[in-house]
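This report concerns only the one structure given below.
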Amino acid sequence: MGIQDLIITPIYLFLFLGLTNVFRNRFTTLKTRKYFIPALTAHLVEAIFTILKFK
């Protein structure tokens, strides 16, 4: 893992979370809206740690 990975990864995460914030109303209801971003963030962090674990 190089310095490029440490710079690019947060940029992609913020871009992805920004896009999901735009499309959140399309995919959620009033009951599930407050859980959408935290659940997606937890899923992304888990995927990153799983990749680092098996690399």
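Derivation of every value follows stated rules applied to the coordinates shown; laboratory data play no part. As the structure is a computational prediction, the values presented were derived from the model and not from experiment.
Quick notes on this one:
- One entry in [x] 12.6; [y] 12.9; [z] 11.8 is Kirkwood radius over Cα pairs in Å calculated from the shown coordinates; its label is [x].
- Structure-based [θ]222 nm, the chain - -39500 (n - 2.57) summed over DSSP H runs of at least 4, per residue, nearest 500: -30000 deg cm²/dmol
- Working note: Karplus 6.51/-1.76/1.60 with θ = phi - 60° gives region 6-11 the couplings 6, 8, 6, 4, x, 4 Hz, where Gly and Pro are set to x.
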